[in-house]
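J.: This is the structure I want to talk about, given as structure tokens.
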Amino acid sequence: MTAQMRPAMAVCPGCVAASTEAVETAPTEARLALSLPTIHCQACISKVERGLNAHPGIHSARVNLTLKRALIEADPEVRADDLIPVLADLGFEAHELDLATLAATQSDRAGRDLLMRLAVAGFASMNVMLLSVSVWSGASDATRDMFHWISAAIAFPAVIFAGKPFFTNAWSALRVGRLNMDVPIVLALVLALVTSLWETSLSGDHAYFDAALTLTFFLLAGRYLDYRTRAVARSAAEELAALEVPRAIRMEDDTEVEVPVADLAYGDLILVRPGGRMPVDGVIATGESELDRSLLTGETLPVFAAPGTQVSAGEVNLTGPLVVRAEAVGEDTSLHRMADLVAIAESGRSRYTSLADSAAKLYAPGVHILSALAFVGWYLYTFDLRMALNIAAAVLIITCPCALGLAVPAVTTAASGRLFKKGMLIKHSTALERLAGVDTVVFDKTGTLTTGTPQLENLEVFTRAELEIALALAEGSSHPLSRALTAAARTAGIAPTDVTDLQERPGFGTQGQYMGRTVRLGRAAWLGADQGSQTAAWLDTGEGAAPRGFLFHDALRPGAAEAVAQLHAAGKEVLLISGDTTAAVEDLAQRLGIQKWLAEALPEDKAERIQSLSDRGHKVLMVGDGLNDTAALTAAHVSISPASALDAARVASDIVLLGQDLEPIAEACIVANKATKRIRENFRIATLYNVIAVPLAIAGFATPLIAALAMSSSSITVSLNALRLK
Amino acid sequence: MSVLAYLIPISLLLGGGALAAFVYTVRSNQYDDPEGDSRRILSDEWDDQPKP
């Protein structure tokens, strides 16, 4: 970040010279970014920076503790993979971040721009307020006129600069013949400045320069809060996306070349190692393995894969290395075809109008009519243009949506901050409001309510001798079932027996020699057993007996049971819709006490089900992680996905759960309810102020002092009310 | 009241100075890592000479 903005630092000539040098040498340098989730203190900063700077090829490394990131400038041959072990030795967990994805966060120009305008408005309003206070406390004649002229000299340029966001917004709305919140704001600003200038030139009593500036200041503060909340959520979401560095290994004349996924072409041979995710759609050319399709379909049972098997982008390779011939890349992959389904769901989604928008719709025409009536009324009554114009300006300033502009952003900032601490990221600006109305919660199974990691169920039905053989076989494999078996057996205090000639048959299982017999652990088909509906690994002890199955179930995600129980307690209806088999879904539904469930649902079914629920007037919250959930996530009133979800699912959802725990979901609903209540309260407070102040303004009793008091006190009350949420 | 002729320009200059200082801090990325900067001051690593 620092390096990128350097050229702007024209204040120090030395730095400019240094930065041009850096730009010239740029082609020989690689910039890397690492995410360091565990750093927390100054000792960590020095340790990481010292460790990285000592690494050969690194020019400079700087840690950003706020973002928990390290930015590194290094020789092009230095790769993030080389640095992760270095940091692991120092005791820090590190992940590579994709800099291209982060680029948007880095040049946070809009935020700086708003902050600068806010500062100018704040500075100008303070100075003008000082001058105005002396006018209110009795300055008269030449002194008052001089103070007014100085105020005008400060106010005009300041409002023109600081109010630019309102001017552009109002213009873009007016151009298409619509009214938004910015139109009355701009009208109030312009009218206040022009009438005040006119008054000043006639050495009148009342000038509204201070009001115009405080108005700009308060409204910009609202805008800035709003922007900050969304920027924080966006940068965290981008960081999640940047963690998935899209690379693939292409086979070129028997050498393995690491290339970005975007460079893959039709017909390329791509090596996918065990544990790797398919980058493209294609056909397996060589290798045998098992595939985990749970992110695409919700099935937990791994599928056997051999040459000729079709694979889709997003599937995970489990046991053996596979070489895949690409048949569809980039935009054509099934991953992207799913986007069409999402687009359909999006068009069906009832457009939600935020509370602020519906308030603006009532408010904007009302203000204009009121001030126009005041102007016409007073003009017809007195035939004094100057007085009528003054009163119209006073009405506009007093009704100006100062508190309204703060009412929503102040509350959402407080609520989002609180939820962020609980590990929830509010991505969409109206997500909280929508979450508040939810009465039905739909969960996906695999990867959402369950972690997607298997857990052994029936350890106790095996004899110790069998378990010792099974453990010896399982330790030779990195298959998720083998790992689960190993973990379970180890905790039960089993030690592996001596199995020789251990070899893994990718896609089938492991086999070895034990006391002259061949022992095998693997898929049902390989051992001639009958694969039931449950995930299982089969053991053949070579004694001629039929192979016996180790049964696994999916481990519950922490907090899943609590979240479901709390949602039930809050009177919400909970549904489970999954693409997995009926038996697996029924089992989970019973464990969690969910009465309504639907199994073997296709992505279309999920979206349709949610649509029909919405048609019956339910407000549906969808919680899902898989690619098969994206359409449903989009179709739902509001949606949540865990951070472990595929990028596509995270993009489609309004809220992202950063931690493993599901429990915050129930709490989020409560916070959302409270937040919406506060927003409504704030609207009522703002209206109350208007009800008191507007008659005064129309009757012609409003002085700049009253306007300033009404405006500041309503803004401050509204902000304080929002802070009660914390 | 002639004191106003000095006081008003002085107050404007002081305020303007503060504004300029703020603009400088924004432009030189001093709000990028508030947490890290507040911790770095506790480290004694570059106490003897500035970081090259």
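J.: Any residue that is in contact (Cβ under 8 Å) with a residue 60 or more places away in the chain, outside any helix (DSSP H, G or I) and among the hydroxyl-bearing types (Ser, Thr, Tyr) - is there at least one of those in region A:106-122?
T.: yes
J.: Of the conditions (1) of a type in the set (D, E, K, R); (2) crowded, with 18+ Cβ neighbours inside 10 Å; (3) without any contact (Cβ under 8 Å) to a residue 12 or more places away in the chain, A:Glu504 fails just one. Which one is it?
T.: (3)
J.: From A:Ala675, A:Ala702, which residue is hydrophobic (A, V, I, L, M, F, W, C), within 27 Å of A:Leu130 (Cβ to Cβ), surrounded by 14 or more Cβ atoms within 10 Å (Cβ to Cβ) and in contact with a Leu (Cβ under 6 Å, 6 or more places away or on another chain)?
T.: Only one candidate passes the filter, namely A:Ala702.
J.: Going by what's in this entry, would A:Leu406 be described as surrounded by 21 or more Cβ atoms within 10 Å (Cβ to Cβ), assigned by TED's automatic domain parsing to the domain that holds A:Leu613 and hydrophobic (A, V, I, L, M, F, W, C)?
T.: Taking the combined requirement at face value, the residue satisfies it.
J.: Consider region A:639-675. How many of its residues are at pLDDT 85 or above, part of a helix (DSSP H, G or I) and under 19 Å from A:Val441 (Cα atoms)?
T.: Of the residues in region A:639-675, 11 are at pLDDT 85 or above, part of a helix (DSSP H, G or I) and under 19 Å from A:Val441 (Cα atoms).
Condition check ((1) surrounded by 14 or more Cβ atoms within 10 Å (Cβ to Cβ); (2) more than 7 Å from chain A (Cβ to nearest Cβ); (3) over 14 Å from A:Arg62 (Cβ atoms)) across all residues:
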site	(1), (2), (3)
B:Pro9	no, yes, yes
B:Leu14	no, yes, yes
B:Ser28	yes, no, yes
B:Pro34	no, no, yes
B:Asp37	yes, yes, no
B:Ser43	yes, no, no
B:Lys51	no, yes, no
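J.: With the structure loaded, tell me whether A:Leu567 is in the same structural domain as A:Val671 (by TED's automatic domain parsing), touching a residue at least 40 places away in the same chain (Cβ under 8 Å) and surrounded by 23 or more Cβ atoms within 10 Å (Cβ to Cβ) or whether it fails that test.
T.: For A:Leu567, the condition - in the same structural domain as A:Val671 (by TED's automatic domain parsing), touching a residue at least 40 places away in the same chain (Cβ under 8 Å) and surrounded by 23 or more Cβ atoms within 10 Å (Cβ to Cβ) - is not met.
J.: Here is a further query. Please verify whether A:Leu521 is at pLDDT 85 or above, within 50 Å of the chain's Cα centre (by Cα), among the hydrophobic types (A, V, I, L, M, F, W, C) and not in a loop (DSSP other than H, G, I, E, B), treating the condition exactly as stated.
T.: Considered against the rule, which asks whether it is at pLDDT 85 or above, within 50 Å of the chain's Cα centre (by Cα), among the hydrophobic types (A, V, I, L, M, F, W, C) and not in a loop (DSSP other than H, G, I, E, B), A:Leu521 comes out as yes.
J.: Here are A:Val186, A:Val135: which of them is β-branched (Val, Ile, Thr), out of contact with any strand residue (DSSP E or B) (no Cβ under 7 Å at 6 or more places or on another chain) and either within 17 Å of A:Phe217 (Cβ to Cβ) or within 12 Å of chain B (Cβ to nearest Cβ) (or both)?
T.: Every option except A:Val186 fails the conditions.
Listed here are the residues, each with its yes/no results for (1) at pLDDT 80 or above; (2) crowded, with 21+ Cβ neighbours inside 10 Å; (3) outside any helix (DSSP H, G or I).
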position	(1), (2), (3)
A:Glu290	yes, yes, yes
A:Leu335	no, yes, no
A:Ala345	no, yes, no
A:Arg351	no, no, yes
A:Lys361	no, no, no
A:Leu370	yes, no, no
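J.: Regarding region A:150-159, can at least one residue be identified that is buried (at least 17 other Cβ atoms within 10 Å of the Cβ), farther than 18 Å from A:Pro365 by Cβ and more than 14 Å from every other protein chain (Cβ to nearest Cβ)?
T.: yes
J.: When region A:114-169 is examined, which residues are found to be over 18 Å from B:Val23 (Cβ atoms) and among the polar types (S, T, N, Q)?
T.: Across region A:114-169, the qualifying residues are A:Ser132, A:Ser134, A:Ser137, A:Ser140, A:Thr143, A:Ser151, A:Thr168, A:Asn169.
J.: OK, next. Of the residues A:Thr20, A:Thr28, which single one is over 18 Å from A:Glu96 (Cα atoms), more than 28 Å from the chain's Cα centre (by Cα) and at pLDDT 50 or above?
T.: That would be A:Thr28, the only listed residue that is over 18 Å from A:Glu96 (Cα atoms), more than 28 Å from the chain's Cα centre (by Cα) and at pLDDT 50 or above.
J.: Picking from A:Ala492, A:Ala465, A:Ala487, A:Ala474, which residue would you name as being crowded, with 22+ Cβ neighbours inside 10 Å and either over 30 Å from A:Glu315 (Cβ atoms) or not charged (D, E, K, R) (or both)?
T.: A:Ala474
J.: Looking at A:Ile58, A:Ile45, which is the one that is over 15 Å from A:Leu97 (Cβ atoms), of a type in the set (A, V, I, L, M, F, W, C) and more than 9 Å from chain B (Cβ to nearest Cβ)?
T.: A:Ile58
J.: Just to be sure, is A:Leu67 over 26 Å from the mean Cα position of the chain (by Cα) and either crowded, with 19+ Cβ neighbours inside 10 Å or more than 14 Å from chain B (Cβ to nearest Cβ) (or both)?
T.: No.
J.: Being closer than 17 Å to A:Ala649 by Cα and aliphatic (A, V, I, L, M) narrows it down to one residue among A:Leu575, A:Leu621; which is it?
T.: A:Leu621
J.: Please find, among A:Ser644, A:Ser713, A:Ser653, the residue that is under 20 Å from A:Asp210 (Cβ atoms) and either in contact with a helix residue (DSSP H, G or I) (Cβ under 8 Å, 6 or more places away or on another chain) or of a type in the set (Phe, Trp, Tyr) (or both).
T.: Testing whether each residue is under 20 Å from A:Asp210 (Cβ atoms) and either in contact with a helix residue (DSSP H, G or I) (Cβ under 8 Å, 6 or more places away or on another chain) or of a type in the set (Phe, Trp, Tyr) (or both) leaves just A:Ser713.
The values are calculated or read from the model by the stated rules, or taken from the named source; none is laboratory data. Since this is a predicted model, take the numbers as computed values, not measurements. Because the Cβ atoms are built from the backbone with ideal geometry, glycine has one as well, and the counts that use them run over all protein chains shown.
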